[in-house]
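Every number here is computed from the coordinates shown, using simple stated rules; none is lab data. Everything quoted here is computed from the prediction, not taken from an experiment. With ideal geometry, Cβ positions are generated from the backbone for all residues, glycine too; neighbour counts draw on all protein chains shown.
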Amino acid sequence: MSISGGCGITATLLHCLVQASEKAAAIARLCRSENALFELLVQEKTGGDKNKKFVSDFKTLADVLIQEVIKHDVGVKFPVLVGHIHGEENSKFTNGLGESETVRVCASVADTAVLLTRILDGNARAGQLLAHAVHVEPEIMVDHRIRGLRLDEPPNNLAIWVDPIDSTNQYIQGGYNMSEHTRPHSQGLPCVTVLIGVYERIGGLPVMGVVNQPFVHYDGENGRWSGNVFWGVCCNGEQASSLSPPDSTSPADTFSLVLSSSEDRAFRSTLEEAFGPDNIYLAAGAGYKELCVAKGLASVFVSSEDGGTYMWDSCGPHALLRALGGGIVRLKSCLEDYRHKGPSALASTPQIRYHKPLLSREGAQQWANEGGLVAYSSDKSLCAVIEALAQACGPDDTTTDKL
Ligand code: 2IP
Ligand code: CA
């Protein structure tokens, strides 16, 4: 379904991103629901000949393919964005034999099927299934809140970060804990997200974000998953989102934090002491943890790891959080501002920007979020966690020295 006339460019671009994320989610679900694809997805690398097969790297192919589909679909509707859509993956797919092929969406289903079958070492069934999903447009309802957006931002000022499948490990492993509805899932398919973030080419602020969760509800009768999609826009002083800002004024609201399960042990203990172990959740997936904050399932997501997340992990959710009155900032900058200028300085700690590589680093690390991060839903939550950390880690404490 297309978004009809009279809509501003912001509404048209956002609708296009939501649609692209739904196609990405459909491909992600297909790879788990069709045997011909699922067998490739979960295939173990057992060494020897098997390791040399194209198919042993199918999970990378699923990632690369989804990224190329998003780039293609957005580029067709917004040619001015071609060359400005960046992702975690490289479109060149190299198999176990060292042979390279560029993954792309071809002009027809048949051509895409031929290309994918070649990449999949002659597996025509898998190639055709994927090619069909690449070319079919998912039917989505036009969100009336998107149709009503009048915040016009010329697309030639914009660029995009894509994370085609965030939390790839959970995607491969699968699993779902039905009991976890009011708190973050610690692991499993609900932690998998497709992340699309639009940022300003000059200045690097995230202005529009889509977070798609392909695996949310499982229908035991037909064995199918359905998902959710969330979006947010924050530009030209206007904010709009599919979510409502978390209600932090509710008396029942308890301050809670979501952390990576691989978070530094000493750092986690400091937070457990400050806020109580019951208010600390561990969850997989950087995008999922940021979504939990946007949805009010946690007040903040804190990561102390320098370079533990990348621009593609945070750009889309960051725009969603900004649309709700929150944001994402570097943990290191917050602690420095708090220590040197006091709590009031936190209000002006700069938001993470997405347009410049770290020139001192190489490869993917150039796009790492340097100095850890705090994703928060309100200034009050940001202050609460920084104050606790600054007090707990006095001048002689080494807990945050690595930042
Ligand atoms: C990963 C994924 C991991 C996350 C890491 C991301 O992205 O989200 O789950 O680690 O930061 O870069 P953790 O779960 O410990 O937070 P991908 O799955 O796309 O590599
Ligand atoms: Ca990721």
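Things worth noting here:
- With N the number of residues in the chain, Rg(Cα) / (2.2 N^0.38 Å) evaluates to 0.98.
- Note on the chain: GNM, Cα springs under 10 Å; of Y199, Y376, Y176, the largest mean-square fluctuation is that of Y176.
- The fewest-to-most ranking of S314, S344, S167, S260 by surrounding Cβ atoms within 10 Å reads S344, S260, S167, S314.
- Helical content alone sets the calculated 222 nm signal of the chain at -11000 deg cm²/dmol, taking -39,500 (n - 2.57) per DSSP H segment of four or more residues and averaging over every residue.
- Loop trypsin sites (Lys or Arg not before Pro), the range 165-272, which have at most 16 other Cβ atoms in a 10 Å radius of their Cβ (DSSP): R201
- Stretch in the chain that is longest and holds no GluC sites (Glu not before Pro) that DSSP places in a loop and that have at most 14 other beta carbons within 10 Å: 222-361
- Between the alpha-carbon centres of the range 185-255 and the range 60-115 there is a gap of 24 Å.
- Helix 58-77 vs. the chain, principal-axis angle (Cα, 0 to 90°, nearest 10): 90
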